[in-house]
Structure formats: structure tokens, C-alpha cells
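First comes the structure, then the notes that go with it.
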Amino acid sequence: MMSDIRFKDFEDVLAAAGSLADAAEAHGSLCGALCAMSPYRMQDWVNEILPDGASLSAESAAMLERVFTATANSFGEQGMEFEPLLPDDEQPLNGRANALALWCTGFLYGLGTGRISDLEGLAGDVGEIVRDFTEISRATGDDADADESNEQAYAELVEFIRVAAQVVFEELLPLRGQAYPSAQRLH
């Protein structure tokens with residue numbers, strides 16, 4: 001379950017391993033790839049976010065496995081259980097907004113690693129979501145004050161992303177086929 005995983009812990013694991021991606025971007029890329037490809041294995045994701053030859057402690061490998069499994073399982077749930085892994089609400093708003101933009105960048109990257117050759121040319125709901133995620137990925141939180149209206153706007157964007165990612169997952173089911181990835185242990 002995603003709510004059992006702390007963003008900061010995930011961020012620390014990636015930093016210690018010399019990750020090529022920010023934690024939000026790494027989770028977004030996982031989500032996009034799970035939407036676009038089947039099977040998408042944990043090792044595929046690790047190869048995308050960590051440098052070649054990165055060594056992981058058993059604890060770090062377990063964290064990545066938990067993130068992968070919880071994310072994959074949340075997409076498969078019937079009750080729209082998916083949640084993007086983002087900084088806690090106690091963090092400054094500008095940092096959370098920047099993380100949200102990076103999550104969208106990662107999601108688009110993950111979609112692009114699949115069988116979709118032209119993300120901008122997608123039609124229907126998925127095309128609209130891709131265009132919205134592209135716009136969100138360009139946003140910066142540098143000027144975001146933590147006032148009530150900005151907090152509300154951020155919460156609405158997070159909810160939009162949560163639902164939109166689930167819609168993309170469901171809409172791209174025919175592209176992926178009926179097979180679904182399973183977590184595989186890192187060695």
C-alpha cells in the first residue's frame with residue numbers, strides 16, 4: 001500500500017544509490033511504464049533510474065521492491081487505489097509543486113518507453129491527459145506561497161493526477177494486453 005511508504009525514505013534510497021532521477025520523477029516513470037508496457041519488471045525500472053553498476057543494500061533493494069509492488073498493485077485494484085508518491089504535506093508548497101511537475105515528467109517518460117511512438121498524437125482521454133501532464137511538468141513552484149488557495153490548488157492537482165493516471169492505465173489495457181507485471185526480487 002502506497003500510504004505505508006514515506007517519500008523521504010524513497011528519496012534517501014535513491015540518493016544513496018546515485019539515482020539518475022529525482023524520487024518523484026522515478027515514481028512517475030514507473031507509473032507511466034506500468035501504463036504503457038506489459039510485462040514491465042522491477043529490474044526494467046531499476047535499470048532506468050539507477051546508474052549501471054549501482055549497488056544496493058538489502059534494505060534499499062527492499063524499499064524499491066515495496067514501491068514497485070505497491071504501485072503495480074494499486075493500479076490493479078478496483079477501487080481507484082492508486083496514489084502518486086510525492087512529498088508529505090508538511091514540506092514547503094514550492095517543493096511539493098516542483099515534485100509534482102517532476103512526477104509528471106517521469107510519467108510521460110515512462111509512457112514514452114512503451115509502445116507509444118507519438119505521445120502528443122494520442123487521441124481521446126489519454127491524449128488530453130498527456131497534454132495536461134505536459135503542461136503540469138512545465139510548472140514551477142518557485143513563487144508558490146503556502147496560502148489556502150495555493151494549497152487547495154495543489155491538492156486538486158494531486159487528485160487530478162491520481163485519477164488521470166488510473167484512467168491512462170485502464171485506457172491502455174488493450175495496448176498492454178491482459179498480462180500484468182509482477183515484482184521480481186533484485187539480486
>> Would you confirm, using the coordinates I've provided, whether Ser3 is at pLDDT below 90 and of a type in the set (S, T, N, Q)?
In response: yes
> Across region 132-155, which residue is modelled with the lowest pLDDT among those that are under 17 Å from the mean Cα position of the chain (by Cα) and surrounded by fewer than 13 Cβ atoms within 10 Å (Cβ to Cβ)?
Replying inline: Arg138
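Among the residues of region 40-47, is any assigned to a loop (DSSP other than H, G, I, E, B) and in contact (Cβ under 8 Å) with a residue 40 or more places away in the chain?
Within region 40-47, one or more residues are assigned to a loop (DSSP other than H, G, I, E, B) and in contact (Cβ under 8 Å) with a residue 40 or more places away in the chain.
Residues to consider are Ala33, Ala72, Ala97; find the one that is over 20 Å from Gly177 (Cβ atoms) and out of contact with any Lys or Arg (no Cβ under 7 Å at 6 or more places or on another chain). Quick ask: steps written out before the conclusion?
Details: Ala33 fails: over 20 Å from Gly177 (Cβ atoms); Ala72 fails: over 20 Å from Gly177 (Cβ atoms).
Residue meeting the stated conditions: Ala97.
Looking at region 114-131, can you tell me whether even one residue there is assigned to a loop (DSSP other than H, G, I, E, B), small (Gly, Ala, Ser), surrounded by fewer than 15 Cβ atoms within 10 Å (Cβ to Cβ) and more than 17 Å from the chain's Cα centre (by Cα)?
yes
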>> On the basis of being surrounded by fewer than 22 Cβ atoms within 10 Å (Cβ to Cβ), without any contact (Cβ under 8 Å) to a residue 24 or more places away in the chain and closer than 25 Å to Asp132 by Cα, does Glu83 make the cut?
In response: no
> What do you reckon, is Glu90 surrounded by fewer than 20 Cβ atoms within 10 Å (Cβ to Cβ), among the charged types (D, E, K, R), over 17 Å from the mean Cα position of the chain (by Cα) and over 14 Å from Ile161 (Cα atoms)?
Replying inline: yes
> Assuming Ser29 fulfils every condition listed in (1) outside any helix (DSSP H, G or I); (2) of a type in the set (S, T, N, Q); (3) modelled with pLDDT of 95 or more apart from one, which condition is it?
Replying inline: (1)
> Looking at region 93-113, which of the residues that are under 14 Å from Tyr154 (Cα atoms) and among the polar types (S, T, N, Q) is surrounded by the most Cβ atoms within 10 Å (Cβ to Cβ)?
Replying inline: Asn98
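The values are calculated or read from the model by the stated rules, or taken from the named source; none is laboratory data. Please read all numbers here as calculations on a predicted model, not as lab measurements. Please note: Cβ atoms are built from the backbone with ideal geometry, for glycine as well, and neighbour counts cover all protein chains shown.
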